[in-house]
Structures are given as structure tokens and as C-alpha cells.
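Remarks on the structure that follows.
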């Protein structure tokens with residue numbers, strides 16, 4: 001058994017994957033053709049080229065454009081099913097998928113209808129493969145006026161009953177200060193749901209500190225720059241906030257020259273609740289398995305440490321305490337069995 005075999009076989013939890021960045025280019029292209037998008041937008045072929053070979057400085061823009069090509073309910077339903085099938089093939093047992101309903105306004109669905117639509121795709125995947133999933137409803141930084149309405153809906157009894165476990169804030173930090181979302185996230189905190197905030201991509205540790213102080217973030221995505229700030233690392237530990245990172249994203253955004261320069265060791269040694277995620281796998285050309293594999297093969301983490309990071313994803317999830325404990329025990333048992341096979345093959 002190789003390291004690659006071992007990592008692929010590991011049971012996993014995915015906490016940091018964005019639906020609009022996980023749509024396969026081949027599927028989106030087919031959907032665009034079926035919906036006759038070529039007749040609806042200018043420079044269609046230029047956009048199609050960007051979907052196939054992204055300009056990493058424009059990934060959010062590209063994701064928004066291709067999301068607008070989803071104009072039938074079946075488009076969303078199938079892509080949800082396809083994403084969960086892809087995760088199942090990586091032995092992901094449970095996923096919390098970030099999804100921004102504002103990107104699919106062309107469907108003209110009421111919130112309850114949108115929830116029913118995404119749950120249909122999720123439930124089909126669960127029946128087919130046994131994988132379970134829940135939703136993080138994200139909002140764009142460009143529209144702070146809609147934030148409170150989104151949070152009130154996403155944290156209401158009906159939404160929670162139907163698998164919404166948290167709210168998120170995406171987009172670049174420079175677009176809008178986090179203070180514009182403080183009231184909305186305080187409501188989310190009061191209702192005890194996940195508060196997931198992308199921070200650190202432009203403002204470094206200062207942006208992460210603001211997300212923790214103003215928004216009571218329970219999950220920070222990216223957090224680039226915190227490795228150099230003892231104060232921010234301490235604040236992450238104090239808040240027991242998970243730090244979800246993606247090494248491939250950091251490289252392709254130019255934050256580090258190569259994966260070996262990513263400060264994963266410093267983050268792990270700091271004692272923060274470190275989690276690896278696939279983020280926007282289709283646009284960045286990665287997967288959860290690839291993120292796991294490269295950190296071991298590049299000696300950023302050992303296999304033992306990777307297992308602990310994998311278990312962090314379980315602990316940081318929105319599952320109830322009983323389900324978390326059962327999953328940690330199950331995963332730990334599976335890791336021990338895999339390790340025995342690995343050691344036997346090494347010998």
C-alpha cells in the first residue's frame with residue numbers, strides 16, 4: 001500500500017468546499033450548450049476558455065459567470081449529485097457544502113423551493129452512495145443589506161430542519177468591512193450555528209482578528225498570514241475556531257511560490273484547530289485527496305499528523321456531540337487498520 005493508496009482509503013469529512021467552485025468544466029459546458037448561453041452573453045467563448053483554464057486572479061468572477069449558466073432546476077440538482085459523487089469517491093463520509101443562493105436568482109425560486117431543490121440532489125446522492133451532507137448558506141460581501149434576511153432565513157427552524165447548519169461570508173475583504181455584517185452574525189451566534197468567514201486573503205492576520213472579534217467566526221477559511229501572528233493564533237485557540245486551509249489555492253494565488261513554502265508546520269505546531277479542505281476544486285484543479293496527499297509527500301505533515309488534521313474536521317463539524325464521538329472512534333479504528341496494512345507492505 002502506497003501513501004497515495006492509504007490517503008485515498010482514509011475516511012474523511014469535508015468542511016470547506018464551495019459549490020460554485022466545484023462544478024466540473026465538462027458538465028458546465030454541456031449545461032451551457034443545452035441552455036443556449038452562447039446567444040445570451042457577450043464573449044461566451046472567452047468565458048468558456050476561462051472556465052477550462054482559469055485565470056486565478058479572477059476565480060470568483062469565473063465562478064459567478066458559470067453559475068449564471070445554470071438556468072434549470074435540474075442543472076443545480078445534477079451538479080449537487082455530481083459533487084457528492086466525486087466526494088464519495090474520495091471516501092468522504094460527510095460534507096458541509098457552502099452555497100450562495102444569490103448566484104442562482106435566474107431560477108426565480110423562493111428560499112424554501114431552493115432548499116428543496118438542493119436537498120433533492122443531496123438525497124439522491126445519499127441513497128446512491130450513503131454520503132451525508134449539510135449546507136452552509138453563504139452571502140457575498142457585495143450585498144450587506146441582504147445579509148440579515150439571509151441569516152434569518154438560514155437559521156430559522158425550517159431551514160435547520162432541512163439541513164442548513166450555518167452561514168458564511170465570502171468574497172474579498174477589501175469589498176466591504178466585516179462591521180457591515182456584525183449584526184447578522186451576532187444573530188447567527190445567538191442561534192448557535194456555524195459562522196464561516198473567508199479572511200486573511202488580503203488583510204492577513206488583521207483580517208482574521210476582525211472576523212473573530214466582529215463576527216464571532218467559528219470557522220475561518222484561508223487565514224493566510226496568521227502563522228506570523230502569535231496574537232491571532234492565540235485568538236483562534238481562544239475562540240476554538242477551526243482554520244480551514246487549502247495549500248493549492250495559496251500557491252495559485254501567489255501567496256507562496258510553491259507548496260513547500262506554505263507554513264503548515266507552524267500552523268499545526270501552534271495548536272490551532274487546523275483543517276484541510278478542497279475549497280474550489282474544479283477551478284483550482286485539486287481535490288481533498290490531493291490536498292491530503294501533497295502535504296505528506298512534501299513532508300509538511302507526517303501521516304500521524306494528517307490523521308489528526310482529518311479528525312479535526314470531524315470535531316469542527318456541525319454534527320452533534322454524540323455523532324462526532326462515534327465518527328472519531330470509527331475513523332480512528334479505520335486509520336489503525338490502514339496503518340497496519342501500510343506498515344506490513346513497507347516491511
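Some values worked out for this structure:
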{"read-out": "Condition check for residue 90: in contact with a helix residue (DSSP H, G or I) (Cβ under 8 Å, 6 or more places away or on another chain), in a loop (DSSP other than H, G, I, E, B) and under 30 Å from residue 315 (Cβ atoms)", "value": "yes"}
{"read-out": "Filtered residues of the range 72-87 (kept if surrounded by fewer than 21 Cβ atoms within 10 Å (Cβ to Cβ) and part of a helix (DSSP H, G or I))", "value": "73, 74, 77, 78, 81, 82, 85, 86"}
{"read-out": "Qualifying residue in the range 147-163 (condition: closer than 30 Å to residue 231 by Cβ, over 20 Å from the mean Cα position of the chain (by Cα) and either at pLDDT below 90 or buried (at least 23 other Cβ atoms within 10 Å of the Cβ) (or both))", "value": "no"}
{"read-out": "Test: residue 27 is modelled with pLDDT of 95 or more and in contact with a helix residue (DSSP H, G or I) (Cβ under 8 Å, 6 or more places away or on another chain)", "value": "yes"}
{"read-out": "Some residue of the range 95-114 being at pLDDT 95 or above, over 20 Å from residue 171 (Cβ atoms) and part of a helix (DSSP H, G or I)", "value": "no"}
{"read-out": "Qualifying residue in the range 41-53 (condition: part of a helix (DSSP H, G or I), over 16 Å from the mean Cα position of the chain (by Cα), in contact (Cβ under 8 Å) with a residue 24 or more places away in the chain and crowded, with 16+ Cβ neighbours inside 10 Å)", "value": "yes"}
{"read-out": "Qualifying residue in the range 282-298 (condition: out of contact with any strand residue (DSSP E or B) (no Cβ under 6 Å at 6 or more places or on another chain), without any contact (Cβ under 8 Å) to a residue 12 or more places away in the chain and outside any loop (DSSP other than H, G, I, E, B))", "value": "no"}
{"read-out": "Close pairs from the range 307-319: first without any contact (Cβ under 8 Å) to a residue 24 or more places away in the chain, partner surrounded by fewer than 19 Cβ atoms within 10 Å (Cβ to Cβ) and part of a helix (DSSP H, G or I), Cβ under 7 Å, at least 6 apart", "value": "311/328"}
{"read-out": "Filter result for residue 248 (at pLDDT 95 or above, assigned to a helix (DSSP H, G or I) and either out of contact with any strand residue (DSSP E or B) (no Cβ under 9 Å at 6 or more places or on another chain) or surrounded by fewer than 17 Cβ atoms within 10 Å (Cβ to Cβ) (or both))", "value": "no"}
{"read-out": "Check on residue 247, within 15 Å of residue 264 (Cα to Cα) and over 18 Å from the mean Cα position of the chain (by Cα)", "value": "no"}
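The values are calculated or read from the model by the stated rules, or taken from the named source; none is laboratory data. Being a predicted model, the structure only gives us computed values, none of them experimental. Don't worry about glycine lacking a Cβ; one is built from the backbone with ideal geometry, like all the others, and counts go over all protein chains shown.
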